[in-house]
Amino acid sequence: MYCEYAHSMGFSVRKEHLSYWIHTRIIKCRAFCCAKAGLKRVRPSPKKYRKLETRTGCLACIYFTTDTEGRNWTVTKFVEEHNHPLAMENEQHLLRSARSISKMQGSLIKNLTDAGVKTVHAYNFLSNEVGGFENVGFSKSDAYNFVQREKKALIERGDSLSLLKILQEKQLEDNMFSYDVRTDELSRLTSFFWMDGQSKIDYDCYGDVVIFDTTYRLNKYNLACAPFIAVNNHWQNVFVGGAFISEESIDSFCWVFNTFLKFVGGKLPTTIFTDQDQAMAVAIERVFTGTRHCLCQWHISKKAPSKVPCFNNEKTVRGLFYQCMSKCDSELEFDRYWNEMISRGNLQENRWLGDLHRARRNWSTAFNKDVLDLGILSTQRSESANNGLHGCSKATSTLVECFMGLEKLVGSWRRGERDEDFRCKQGAVSLKVRSCAMLKHVSKFYTSKMFVRFEQAFMEGTAGVCVVDETRHDEDNYLYVTKLCDGSDDKRWFVSYNSKTNETACSCRGFETRGILCKHILRIYNLKNLREIPPVYLLKRFCRDAKKGIYLPNTPGIIECNSNLIFRNHLMRFAYDLANRVENSKDAKAHVLGRLHVLANEADEIVEAVEMRRRGLSDENDKNTPLVRDPVKKKPKGISNARLKGYWETGSKKPSKTINLLKIVITLIN
């Protein structure tokens, strides 16, 4: 009541004296005063920014007293006069006691900022909804303070302990969720790794080729984000595990890789792509024994112009280098192009190329024709995760914020995967050649994205590959020599074919590396009028039902209960159908009602037991959670908090000592 009066008059209210009746919590006296009441003690402050002095010693106030039951309130003192000017009508929305964020407004701001909308834009949205900033009910600074309070609430127990609590809660919700943390001798968090149930399922289906990258560091502790990325049957990124590490050392990488293998049951990936990090290479050799380690060609090609200056002006030499990277089908072909590049560019003494040649088995596709790599040449897929993180974290972000940001990114990837699954189930791809039986057969097996890749190879093989020679070794085995029809390349590819089993092999090793038949083999199949692709050449990882037998979300009678709304609708629909079936039978209705009462009591007991177990586990986790301290705060490289200098400031630099010394020498010579 007093606040409404104060705001209409133009002043803000502050709480004053409060007392209770003896031995009770019933208010005896309650006082409110003008926000400018009293005077603050003057203290010298070394801070550059000092708050304005708002206290004027105003005596305006009101006192209330109550009876012993606290029901009847009586005004015992009321001072109306102020010793300061009052706020005008168009300024009253700025009064401190008139500003507050309602529960609905707070929820809206939180949802918008969680979705990546900036706080200022969320505030502008609210002001547009209510017709102006004066009608919002709070200021822009109040919105910023609210967002900061929400962030601090996430880490009220400390950043590391709050992160552990979130990981423990996720483990309670998901039985397949696994995590591990690592601390130093001072109990400070140095690394942590996690993998949820969906990641384990995805790795089981698509874990043959994995991309691992640690180039992203943007948080208050300068921890490196190290996600494990795979490729699904829709040619999309899937998250199969993630870690944050404080240092990129051999020991740290070994811990991450060993933890990863522990959570996936020791199943090794066939191929892993990384950047040119020596510590990472040593750790992979120690832990991922039997896994083919491939380096990112994008990083190599980016360094090449600075390491080999002749690449900038000699296109032929540069073209030979790129030929060695990804266009050689054999080791002999690689050696021929490499030697030609060295001789043409006089690069015999180039140390960088010498080191690169010694590691050629890790980056040239000519030496990796025997393993599956899906045609991937770089770690760009992993860096797309870093790009997504860049939008939700900054140099002052906490561990919890970085973790939740990566979880949101992974959630968006999984939504995209579900959308593609839906599209494949609800529609069929249109064929470029509708009468082709082979394309019809493959379109029912592959997903839409993978069929487009297959169809492109099929069309290139049918229209762009010519058969030069055919040799028959025996009754069933043939050898074909193929080349490009347009004559752009004189290279020959050799395709062996067995007419009895339809087994084929090509010298380009396209199927062995990419998992899809190459255009040369498809040209021979077309020549032999095959109507279907042999099942051995249709990999399950690319089919529409790649997770069938592993993950069955649409099993009849079983639904995903992640959403309470979905479960409630499903249950009501089921109950409605049951009621329609028994409505004409008195005995059936009595039986159903009786069973429902029994079922309700059993459900109450289960819910109560689960809740007690959850509370017990939560308390036990709180007791058993070790005291983990936050990592040491570090400033990321290249990021400075210093003010950027203006043009005139940068132009008026003091002469360096070298320049002063040169001036003295010139003066002495003269």
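By the gyration tensor of its Cα atoms, with a ≥ b ≥ c the square roots of the eigenvalues, what is the shape of the stretch 101-202: rounded for a/c under 1.5, prolate for a/b over b/c, or oblate?
prolate
Work out the P(r) tail for the stretch 287-348: percent of alpha carbon pairs separated by more than 20 Å, whole number.
33 percent
Hey, got the Cα dimensions of the stretch 310-384 along the principal axes, in Å, largest first?
Computed over the Cα atoms, the extents are 35, 30, 21 Å.
For an R0 of 60 angstrom, estimate the FRET efficiency from the Cβ-Cβ distance between Glu169 and Ala463 and round to the nearest 0.05.
Rounded to the nearest 0.05, the efficiency is 0.55.
Using a ≥ b ≥ c from the Cα gyration tensor of the stretch 191-303 (square roots of the eigenvalues), is it rounded, prolate or oblate, where a/c under 1.5 gives rounded and otherwise the larger of a/b and b/c decides, a/b for prolate?
rounded
Report the label-to-label distance for Arg25 and Glu81 in nanometres (one decimal), using points 7 Å from each Cα along the Cα→Cβ vector.
If labels sit at Arg25 and Glu81, their model points lie 4.1 nm apart.
Pop the C-beta distance of Lys303 and Ser488 into the FRET formula with R0 = 30 Å and round what comes out to the nearest 0.05.
Efficiency at R0 = 30 Å is approximately 0.50.
In Å², what does the accessible area per residue of the stretch 174-259 work out to with a 1.4 Å probe?
Computed with neighbouring chains in place, this is 26 Å² per residue.
Given R₀ = 22 Å, what would the calculated FRET efficiency be for Asn339 paired with Arg361, taking r from the Cβ atoms and rounding to 0.05?
For Asn339 and Arg361, the calculated efficiency is 0.80.
Give the shape of the stretch 48-90 as rounded, prolate or oblate, defined through the alpha-carbon gyration tensor: a ≥ b ≥ c are the square roots of its eigenvalues, a/c under 1.5 means rounded, and otherwise the shape is prolate if a/b is larger than b/c and oblate if not.
Prolate.
Quick check: Cα centre of the stretch 3-80 to Cα centre of the stretch 459-493, how many Å?
First find each Cα centre; the distance between them is then 94 Å.
Would you mind checking the radius of gyration and Dmax of the stretch 296-435 based on alpha-carbon positions, in Å?
21.4, 60
Cut-off 20 Å, label point 7 angstrom out along Cα-to-Cβ of Tyr537: give me the residues of the stretch 481-511 whose amide nitrogen falls inside.
Residues 481-485, 492-511 qualify, since their backbone N sits under 20 Å from the label point.
Please report how far the C-alpha centroid of the stretch 260-337 lies from that of the stretch 348-373, rounded to the nearest whole angstrom.
Comparing the Cα centres of the stretch 260-337 and the stretch 348-373, I get a distance of 6 Å.
What number does the stretch 1-107 give for Rg over Rh if you use C-alpha atoms and the Kirkwood radius?
When Rh is taken as the Kirkwood radius, the ratio is 1.05.
So for each of 144-150, 294-300 I average, over its residues, the number of other beta carbons within 10 Å; can you give me the resulting order with the highest mean first?
The peptides rank, most packed first, as 294-300, 144-150.
How long, wide and thick is the stretch 458-521, going by the Cα atoms along their three principal axes, in whole angstroms, largest first?
34, 26, 17
The values are calculated or read from the model by the stated rules, or taken from the named source; none is laboratory data. Given the structure is predicted, the values throughout are model-derived calculations rather than measurements. Positions of Cβ are generated from backbone atoms using ideal geometry, with glycine treated the same way; all protein chains shown enter the neighbour counts. Just the protein is used for accessible areas: all its heavy atoms, side chains included, with ligands, DNA and RNA removed. Shrake-Rupley method; radii C 1.70, N 1.55, O 1.52, S 1.80 Å.
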